[in-house]
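These notes are about the structure you will find just below.
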Amino acid sequence: MEYYELHPITPQLRFITKAVEVLKSGGVIIYPTDTVYGFGCDIYNKEALERIYTIKQDAGTKLFSFICPDLKDISKYAKVSDYAYKTMRKLLPGPYTFVLPAAREVPKKLWTKRRTVGIRIPNNQIALTLTKELGNPIVSTSVTTRKGELLFDPSEIQTIFNSQVDLMLAAGALEGEPSSIVDLSDEEPTVIRHGAGDVSMFMTS
C-alpha cells in the first residue's frame, strides 16, 4: 500500500494525483471523509467494486454510497425532486447520505432492491478534490474491522489493510461517526440511520 499524509484543509495535489492514477487504473484506496475513513474506487470499475465487497466481506447486500463533488450534475446519478434538491442544497456539503431513485448512469451494482442509490457530498476537501480530479463519483463505504467496528487511527488502518488496498490518503485520526442516512426517494423523508448529521428536521413530532 502506498501511504501519504495530507493536510486536511489544503491537501497536497501531488498526492491527490497519485490517488487518481490508482483509481483510474482500477485500484482501491482508503481516504478520509468528514465523518470516518472510507474505502473508495471509481464507481464505473466493476472489478474494483468487487474488491471492496470482498474486503468488506459483503455479498453486495449493504448500501454502498458514492461521493459527488457538488450538486451540479446530480441529475446524472439520481432522480431528484424539487424538495430533495432544496433539502440537499441546504445541508450539503455535510455528514449526510441521501437515498434517491437511481438514474441509469449509475451501475446497477450500486442500486438497492428498490432501485435507489446513496449519494454523499462530504464537507472534506480531500474527498471532494479527489472526485473532482477523477471526474467520476467514487464509492464511499466506511472502513471497519471484520466485526463491523469502525477504525479511526490511520496507522491501525494501514497495518490491517496494507496488503488489500493500493493506496491510503491519511489526515490524522478521525473521531467521528458515520453519516446520517436520509431516504428522500418517497414523498415523505425517512431517517434510516442517525449519525453525525442533525436529522431533527426530518423527525415528526
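The values are calculated or read from the model by the stated rules, or taken from the named source; none is laboratory data. Worth saying up front: this structure is predicted, and the values here are computed from it rather than measured. Cβ coordinates were reconstructed from backbone atoms using ideal geometry, including for glycine residues, and neighbour counts include every protein chain displayed.
Condition (residue is β-branched (Val, Ile, Thr) and within 10 Å of the chain's Cα centre (by Cα)) applied to the range 117-129: is it met by at least one residue?
We begin by selecting, within the range 117-129, every residue β-branched (Val, Ile, Thr); these are 117, 119, 121, 126, 129.
From the residues that got through so far, the ones that are within 10 Å of the chain's Cα centre (by Cα) too are 119, 121.
Yes; the residues of the range 117-129 include at least one that is β-branched (Val, Ile, Thr) and within 10 Å of the chain's Cα centre (by Cα).
Please indicate, with yes or no, whether at least one residue in the range 69-85 is among the aliphatic types (A, V, I, L, M) and within 29 Å of Ile157 (Cα to Cα).
The initial filter retains those residues of the range 69-85 that are among the aliphatic types (A, V, I, L, M), namely 71, 74, 78, 80, 84.
Of the ones still in play, those that are also within 29 Å of Ile157 (Cα to Cα) are none.
Within the range 69-85, not a single residue is among the aliphatic types (A, V, I, L, M) and within 29 Å of Ile157 (Cα to Cα).
Limited to the range 137-167, what total is found for residues that are surrounded by 20 or more Cβ atoms within 10 Å (Cβ to Cβ) and more than 21 Å from Thr54 (Cβ to Cβ)?
Going through the range 137-167 one residue at a time, the tally reaches 1.
Which of the residues belonging to the range 128-186 are free of Cβ contacts under 8 Å to residues at least 24 places away in the same chain and not hydrophobic (A, V, I, L, M, F, W, C)? Spell out the reasoning first.
Our first condition is that a residue be free of Cβ contacts under 8 Å to residues at least 24 places away in the same chain; within the range 128-186, this holds for 135, 145, 147-149, 153, 155-156, 159-160, 173, 175, 186.
Residues satisfying the conditions are Gly135, Thr145, Lys147, Gly148, Glu149, Asp153, Ser155, Glu156, Thr159, Glu175, Asp186.
Which count do you get for residues in the range 175-202 that are touching a strand residue (DSSP E or B) at 6+ places or on another chain (Cβ under 7 Å) and either outside any strand (DSSP E or B) or of a type outside the set (Gly, Ala, Ser) (or both)?
Count: 18.
Which members of the range 139-173 meet the condition of being assigned to a loop (DSSP other than H, G, I, E, B) and under 15 Å from the mean Cα position of the chain (by Cα)? Explain how you work it out, then say what you get.
Step one: of the range 139-173, the residues assigned to a loop (DSSP other than H, G, I, E, B) are 143, 145-149, 151-153, 162-166, 171-173.
Correct list: Val143 only.
Inspect all residues belonging to the range 69-88 and state whether any of them is among the aliphatic types (A, V, I, L, M), touching a residue at least 24 places away in the same chain (Cβ under 8 Å) and closer than 23 Å to Leu151 by Cα.
Within the range 69-88, not a single residue is among the aliphatic types (A, V, I, L, M), touching a residue at least 24 places away in the same chain (Cβ under 8 Å) and closer than 23 Å to Leu151 by Cα.
Identify all residues within the range 79-105 that are of a type in the set (A, V, I, L, M, F, W, C) and either part of a helix (DSSP H, G or I) or more than 14 Å from the chain's Cα centre (by Cα) (or both); write none if there are none. So that I can check it myself, show each step before the final result.
Step one: list which residues in the range 79-105 are of a type in the set (A, V, I, L, M, F, W, C), which gives 80, 84, 88, 91-92, 98-100, 102-103.
Selection gives Val80, Ala84, Met88, Leu91, Leu100, Ala102, Ala103.
For residues that are hydrophobic (A, V, I, L, M, F, W, C) and part of a loop (DSSP other than H, G, I, E, B), scanning just the range 1-37, find the one that is nearest to the chain's Cα centre (by Cα).
Residues of the range 1-37 that are hydrophobic (A, V, I, L, M, F, W, C), as a first pass: 1, 6, 9, 13, 15-16, 19-20, 22-23, 28-30, 36.
Now restrict to residues that are part of a loop (DSSP other than H, G, I, E, B): 1, 6, 9, 28, 36.
Details: Met1: 20, Leu6: 18, Ile9: 18, Val28: 13, Val36: 10 Å.
The qualifying residue nearest to the chain's Cα centre (by Cα) is Val36.
Any residue in the range 43-62 that's farther than 19 Å from Met168 by Cβ and at pLDDT below 90: show its pairings with residues that are in a helix (DSSP H, G or I) and not hydroxyl-bearing (Ser, Thr, Tyr) at Cβ separation under 8 Å, as long as the two are six or more apart or on different chains.
Gly60/Lys109
How many residues does the range 181-205 contain that are under 11 Å from Val99 (Cα atoms) and within 17 Å of the chain's Cα centre (by Cα)?
We begin by selecting, within the range 181-205, every residue under 11 Å from Val99 (Cα atoms); these are 181-186, 189-192.
Subset that is within 17 Å of the chain's Cα centre (by Cα): 181-183, 192.
Going through the range 181-205 one residue at a time, the tally reaches 4.
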